[in-house]
Every structure is written in structure tokens, then in C-alpha cells.
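The block underneath contains the structure these notes are about, expressed in C-alpha cells.
The values are calculated or read from the model by the stated rules, or taken from the named source; none is laboratory data. These numbers come from a predicted model, not from an experiment. So basically every Cβ, Gly included, is an ideal-geometry build from the backbone, and we count neighbours across all protein chains shown.
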Amino acid sequence: MIKFFRRIRQNLLSDNKFSKYLLYAIGEIVLVVIGILIALQINNNNELNKQRTKEVQFLKNLKSDLIFEESELERYIDIRESIVNSAQIALEHFKGKPVENVQMFNFHTFNVGIWQEFQRNNNTFLELLNSGNLTIISNDSIKNGLLNLDLIHKAIISYREHLRNDLEQYFYNPWFTTVDLDPLAQSFVFYANKGEFDKNLELSREELNELLNNKVFKNGFVLSVFTNSLIIDDYKKMKDLNKKVVELIDKEIAED
């Protein structure tokens with residue numbers, strides 16, 4: 001083929017048909033340029049396909065993380081709501097409601113005092129963020145959703161740090177210095193495992209009355225209700241946004 005074109009050029013030059021040769025040369029250049037452009041386009045398409053395959057895999061991993069995280073959010077919403085409920089029940093006794101069952105009051109106190117933290121399942125998002133590959137996610141709505149989830153969680157961490165400090169100052173200190181935790185812990189664990197109280201345990205009403213007259217201890221319950229309610233609201237925001245992002249991912253993958 002190359003020899004064929006070379007022969008045409010030689011014939012045109014030997015016949016002094018320079019204008020025709022010039023047109024032919026231009027045409028040959030155009031063909032070469034077109035060939036190069038086609039090759040570049042094919043190569044570009046191959047790269048785009050590779051990137052899209054990589055993006056889809058990241059989206060699938062993100063979806064898996066978010067689905068697991070959603071179930072964890074539901075669990076921790078229940079945990080925090082249980083804590084708020086226990087704190088509100090305890091506060092009724094600080095306002096004068098008689099304590100008929102010391103072990104039940106102890107159960108609610110322990111429930112408020114037990115510390116549990118929600119940990120995000122966002123390994124794929126962190127991988128994208130830390131590697132600078134977040135731009136591989138082409139759908140801006142998905143990308144913004146992931147970033148907003150991270151912002152909400154940072155707000156939760158802030159609330160949680162405040163709550164931890166409040167509990168240590170207003171709840172744990174008066175609690176630990178007033179009561180003997182050994183029988184109280186036994187009572188809590190027995191009830192948590194068996195759904196009934198240990199009839200062989202007798203808790204001190206004297207210690208109970210001392211706690212009910214401690215305003216600092218009471219304020220620990222007040223702050224627990226307030227801050228846990230804020231955390232619950234943000235958990236629910238995360239859960240709703242989580243669902244929306246999963247739906248967006250499903251639509252994006254379906255287009256592939």
C-alpha cells in the first residue's frame with residue numbers, strides 16, 4: 001500500500017503535475033491526521049471504559065457500606081431513644097415521684113450511664129477521599145451526598161464529646177462517689193439478661209435517697225436528655241440521606 005502511494009507521487013512529479021501532487025499530498029496528510037484522531041479516540045474510549053468500570057465498582061462498594069451503616073444507624077437510634085426514655089423516667093423521681101422499685105430505678109440509671117458510640121462504616125468513602133480519587137464519582141449528587149453525610153457525622157462527634165464531658169462531670173462523679181457499684185452492676189446485668197430482677201439482691205435505699213437529693217446528679221440526666229435528643233435527630237438525618245444516596249447509586253449503576 002505504501003509503495004502504491006509512493007508510485008503515485010513519483011508519477012505526478014515526473015509528469016510535472018505539481019498542483020495535482022500538492023492536492024494529493026494534502027489529502028494524504030488529512031488521511032494521516034484522521035487516522036491519528038481515530039486512534040486517539042479509540043484509546044480515549046478505552047480509558048473512559050476503564051475509568052467507568054472502576055467508578056461502578058466504587059459505587060457498588062459505597063452502596064454496600066451505606067446499607068450496613070443504615071442498619072447500624074437504626075440500632076443506635078433505638079439505643080439513644082432508650083437512654084432518653086430512661087433519663088426521663090429517672091427525672092420523674094427527682095421531681096417527687098416515689099421510687100417503688102429500687103432495682104428499676106437502678107436499671108434506668110445504668111442505662112443512661114452505659115457509653116456506646118456509633119462508628120461509621122465508610123471505608124470506601126475514606127479510600128476515595130484520602131487517595132484524591134473522589135473525582136472518579138461523576139454524579140455530583142452522589143458526591144455531595146457522601147460529603148454531607150460526613151459533615152453530619154462530624155456534628156454528631158461534637159455533640160458526643162460534649163455529652164461525654166457532661167456525663168463525667170455531672171453524672172459519673174456523683175454516682176461513683178455515692179453508691180457501691182458492685183450490687184448495682186449485678187442487678188443491671190441480671191435484669192438485662194433475664195428480663196426480671198434478682199430477688200436475692202437488696203439495694204440501698206439510703207444511697208438512693210442521697211442520689212435523689214443531689215442536684216448535680218439530676219443535671220446529668222437533664223443534659224443526657226438534651227444532648228442525646230440532638231444526636232438522635234442527626235442520626236435520623238444521616239439515615240434519610242443515606243437512603244437517598246443509595247437510591248442515587250442504584251440509578252447510576254442501572255445506566256451503565
Of the residues E161, E168, E207, which single one is farther than 14 Å from F107 by Cα and surrounded by 14 or more Cβ atoms within 10 Å (Cβ to Cβ)? E207
Give me the helices (runs of 4 or more DSSP H) completely within the stretch 138-256, filtered to those with at least 3 residues that are among the polar types (S, T, N, Q) and within 30 Å of N101 (Cβ to Cβ), ordered by residue number. 173-178, 181-194, 215-254
Taking the stated definitions as given, is E196 surrounded by 13 or more Cβ atoms within 10 Å (Cβ to Cβ) and at negative phi? no
What pairs come up if the first residue lies in the stretch 79-93 and is in contact (Cβ under 8 Å) with a residue 12 or more places away in the chain, the second is among the small types (G, A, S) and crowded, with 20+ Cβ neighbours inside 10 Å, and their beta carbons are under 8 Å apart, counting only those six or more places apart or on different chains? I83/S224; V84/S224; A87/S224
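Quick one: which of N228, N193 is over 15 Å from M104 (Cβ atoms), touching an Asp or Glu at 6+ places or on another chain (Cβ under 9 Å) and not aliphatic (A, V, I, L, M)?
Residue meeting the stated conditions: N228.
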Contacts under 6 angstrom Cβ, first residue in the stretch 156-185 being without any contact (Cβ under 8 Å) to a residue 40 or more places away in the chain, partner assigned to a helix (DSSP H, G or I) and of a type in the set (F, W, Y), 6 or more apart: none
Give just the number: which of (1) at pLDDT 65 or above; (2) of a type outside the set (S, T, N, Q); (3) surrounded by 12 or more Cβ atoms within 10 Å (Cβ to Cβ) does I38 not satisfy? (3)
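Residue-by-condition table, conditions (1) at negative phi; (2) at pLDDT below 95; (3) more than 18 Å from the chain's Cα centre (by Cα):
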site: L129; (1), (2), (3): yes, yes, no
site: G132; (1), (2), (3): no, yes, yes
site: I152; (1), (2), (3): yes, no, no
site: H162; (1), (2), (3): yes, yes, yes
site: P174; (1), (2), (3): yes, yes, yes
By residue number, the members of the stretch 93-123 that are over 21 Å from Q186 (Cβ atoms) and exposed (fewer than 13 other Cβ atoms within 10 Å of the Cβ) are K95, G96, K97, P98, E117, Q119, N123
Restricting attention to the stretch 79-98, does a residue exist that is aliphatic (A, V, I, L, M) and modelled with pLDDT under 95? no
Residue match in the stretch 214-229 (condition: loosely packed, with under 14 Cβ neighbours inside 10 Å and of a type outside the set (S, T, Y)): yes
